[in-house]
1. Among the residues of the range 164-188, how many are over 15 Å from SER127 (Cα atoms) and modelled with pLDDT of 95 or more?
2. Condition first: without any contact (Cβ under 8 Å) to a residue 12 or more places away in the chain and in contact with a Lys or Arg (Cβ under 8 Å, 6 or more places away or on another chain). Now tell me which residues in the range 27-49 satisfy that.
3. Can you find even one residue in the range 83-106 that is free of Cβ contacts under 8 Å to residues at least 12 places away in the same chain, charged (D, E, K, R) and more than 19 Å from THR175 (Cα to Cα)?
4. Which helices (runs of 4 or more DSSP H) does the range 3-50 wholly contain that include 3 or more residues that are modelled with pLDDT of 85 or more and more than 24 Å from the chain's Cα centre (by Cα)?
5. Considering only residues that are polar (S, T, N, Q) and free of Cβ contacts under 8 Å to residues at least 40 places away in the same chain, look in the range 114-169 and name the one that is nearest to GLY97 (Cα to Cα).
Amino acid sequence: MTEKPDDILTRLPARLKQARRDKGLSLEAVANLSGVSRSMVSQIERGESSPTISTLWNLTRALQVDFAGLLETAETQDRIDVLRGADVPVINNMGQGCQIKILSPPEEAGGHEVYDIRFTQGGVLDSKPHARGAQEQLTVLEGAVQVISGSAMDELKQGDTARYAADVPHRISATDEGARVFLIVKNN
C-alpha cells in the first residue's frame with residue numbers, strides 16, 4: 001500500500017515530540033543538540049511546519065532515534081528483524097586470543113551495545129575507559145574469566161554475571177581454558 005505524503009506529515013509531529021519526551025529533553029536542549037532553532041522545533045512538533053530532510057536528519061541525530069522509524073506505519077513496525085548467524089559482524093583484531101561478534105544494531109553503537117565474545121586459553125580483552133557513566137554487564141556462558149575494572153577484580157565461572165564500571169580501564173581475560181561471554185555495554 002502506497003502512503004500519501006500527507007499521512008507521513010500527520011504522524012511526524014507527534015512522533016518527534018514523543019521521542020523528545022522519551023529522552024527527557026526540553027525544546028531548548030533539542031535545539032542546542034540539533035542546530036535547529038527552538039521555534040522551528042516547536043513548529044514542527046505542532047505540525048505548523050514541514051521540516052526539510054536535512055532538518056529532520058539533524059533532529060533524529062540529536063534525539064538518537066531511527067530516521068526511518070519515525071515515518072513507519074504500524075504495518076511496517078509489526079515485524080521481526082533477524083540477524084542471521086552467518087551475517088553477524090565479527091572483530092578478530094581487538095584484544096589477544098578473542099573473537100567478538102557484534103549482536104546489536106549499528107544505530108545503537110555508543111548507546112546500548114551487545115557482544116558475544118569467545119576467548120582462547122589465555123585470551124585477553126583490554127579496554128580503555130568508555131564515556132563517563134558507562135557500565136558493562138557480563139555473563140559467562142562457558143569457561144571462566146577474570147574481570148578487572150579500575151582496581152576491582154573478580155573471577156567468574158559459567159553462569160555468573162557481573163556488572164561493573166566501564167568508564168575506567170577494564171579487562172576481561174580467560175583463565176585456565178577458553179571462555180565465552182555475553183557482554184552488554186551501556187553508555188549513558
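1. Pass one, the range 164-188, residues over 15 Å from SER127 (Cα atoms): 175-182, 188.
Then keep just the ones that are modelled with pLDDT of 95 or more; that gives 179-182.
Total satisfying the criteria: 4.
2. Filtering the range 27-49 down to residues without any contact (Cβ under 8 Å) to a residue 12 or more places away in the chain leaves 28-29, 31-32, 37-39, 43, 48-49.
Within the range 27-49, GLU28, ALA31 meet the criteria.
3. Looking through the range 83-106, at least one residue is free of Cβ contacts under 8 Å to residues at least 12 places away in the same chain, charged (D, E, K, R) and more than 19 Å from THR175 (Cα to Cα).
4. Because the criterion is at least 3 residues that are modelled with pLDDT of 85 or more and more than 24 Å from the chain's Cα centre (by Cα), the helices (runs of 4 or more DSSP H) in the range 3-50 that meet it are 38-45.
5. First, the residues of the range 114-169 that are polar (S, T, N, Q): 120-121, 127, 135, 137, 139, 146, 149, 151, 158, 161.
Imposing the further condition that a residue be free of Cβ contacts under 8 Å to residues at least 40 places away in the same chain reduces the set to 146, 149, 151, 158, 161.
Working: GLN146: 15, SER149: 20, SER151: 23, GLN158: 19, THR161: 22 Å.
Applying the filter and picking the extreme gives GLN146.
Each row is one residue, and each column tells you yes or no for (1) within 30 Å of ASP66 (Cβ to Cβ); (2) of a type in the set (D, E, K, R).
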site: LYS128; (1), (2): yes, yes
site: HIS170; (1), (2): yes, no
site: THR175; (1), (2): no, no
site: LYS186; (1), (2): yes, yes
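The values are calculated or read from the model by the stated rules, or taken from the named source; none is laboratory data. Everything numeric in this text was worked out from a predicted model, so none of it was measured. Heads up, the Cβs are rebuilt from the backbone with ideal geometry, glycines too, and the neighbour counts pull from every protein chain shown.
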